[in-house]
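Step one of this worksheet: look at the structure below.
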Amino acid sequence: TLYAHQYILGCAWDIFNSILDYPDRDMKRLLNNQRNVGYLDDWDMETINDKDNGKEGIHGFKSIRKASQNDKEAVNEGGLDDFNPYNADSENLIIIEVNQDVLPKKMLLYCLQFVYTGQCKVKLSETERLSEIATELLLDELATYCGNMRTFSQQLDECKVMNASITTYWLDACAEQYKEILFDRQYKYDCVIKTSLAAKYDKKMVNNAKNDDDDDKKEENKEDESENAAVAGKMIYQTPDANDEDKPTVEGDADAVPGANHNIDEAKEEKKQEMQAPIIENDGEFRAHKIIPWCRCDVFQAMLNNNFKESHESTITFHGIRAKTFGTFLEYLYTDHAQIDDDIVMPLLEYSNLMREPRLISWCEYLMSKV
């Protein structure tokens, strides 16, 4: 028995994109020869099994069906453990039965390795057979990968370079599909991730800000009373015919310093804004597929295992993070790429460290070194 994820196969593999009825996509391909695959649009779980009856389909596929209750029993699926909480009791589980004389399990495993990682650890003696099966299964890139191993069997370094370029190309092409079909998309999402910066500023800080504001007002009242008392004590005689500009002023009066009151009010207003603005800004909401961050991030894997409440909830909330920063982090988990703007490099570095993503940490450090 082999296990796979519909999200990956549906986005990256032409056959399963059609079988699983995933959205049409225009994936960049490294094809050995141009081919007509228009018949894929007509495939479903019935017609793909008709190859042996002279119709279009996959030779060796015996049946494709929705899982029965018996299939979903833990003993048949291999059991449920902390490492893999996503067992076969899902309503969307699909069973694919193949003829191992035509499609050996080992060869299918190589195909899955390539679809997931862009490479596979196949022996040189197995490359010819794998290349034939890859072509039959519409994985031309894997067929080319095997061809390079045979062509450059005596030039190991040359072979590594050639196949490394195929790996990079394949992963980049798949990443575009994950972003187009899955990242923050409604298609087959099973959770909502919310972000809030508010929790970073607790109620005590907010109350302190309000108390400071009240204290400022009390100080203003005291200053006004003091100034009035000073004026009463220092007021000199003034004739009834005195003009406004001749009115005496008191030493130290704020009116003697142009703009003094305005500056004080402005400073207080800025202080209030600094304390209040972070409380209400940068909340965000993202649609996600639990299995993807679970596979890509240790922290998510711990959160989504059965020991934590997030594993049973459809909404997950992260506090103390800007929506833009988390969106970039989530895009990285989906695609292994992300557009990192200068204003979030430092916050993203801190968050990547918190979420234990060493490659993203290195990427942020590199970007910071270029500033």
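The values are calculated or read from the model by the stated rules, or taken from the named source; none is laboratory data. Predicted, not measured: the structure shown is a model, and the values here were computed from it. Here the Cβ positions follow ideal geometry from the backbone for every residue, glycine too, while neighbour counts run over all protein chains shown. When the accessible area is computed, the model is the full protein with side chains, heavy atoms only, and any ligands, DNA or RNA have been set aside. Shrake-Rupley method; radii C 1.70, N 1.55, O 1.52, S 1.80 Å.
How would Thr335, Thr144 line up by accessible area, probe 1.4 Å, largest first?
Solvent-accessible surface, decreasing: Thr144, Thr335.
In what sequence, highest mean first, do 322-328, 64-70, 166-172 appear when ranked by Cβ atoms within 10 angstrom?
322-328, 166-172, 64-70
I'd like the accessible area for Glu285, computed on protein heavy atoms only with a 1.4 Å probe and all protein chains in place. Round to 10 Å², please.
Taking all protein chains as shown, Glu285 has close to 120 Å².
Given H placed 1.01 Å from N in the peptide plane, which residues other than close sequence neighbours of Phe318 have an amide H under 5 Å from its amide H?
Result for Phe318 returns Lys194, Thr195, Ser196.
Within 10 Å, count the other beta carbons around each residue, average over each peptide in 116-128, 149-161, and list them highest first.
With the highest mean Cβ count within 10 Å placed first, the list reads 116-128, 149-161.
Rolling a 1.4 Å sphere over the protein heavy atoms, what is the accessible area per residue of region 139-178, to the nearest Å²? Mind showing how you got there, number by number?
Values: 1920 Å² over 40 residues.
So region 139-178 comes to 48 Å² accessible per residue, rounded to a whole number.
Would you please state the base-10 log of I(q)/I(0) at q = 0.22 1/Å for region 280-371, with intensities from the Debye formula using one equal scatterer on every alpha carbon?
-1.18
When only the heavy atoms of the protein chains count and the probe is 1.4 Å, how do Ser311, Ser352, Ser165 rank by accessible area, highest first? Display every interim value, and only then the final one.
Working: Ser311 25, Ser352 0, Ser165 70 Å².
The ranking, largest first, comes out as Ser165, Ser311, Ser352.
Using a 1.4 angstrom probe and counting only protein chains, how large is the accessible area of Asp341 in Å², to 10?
Solvent-accessible area, nearest 10 Å²: 60 Å².
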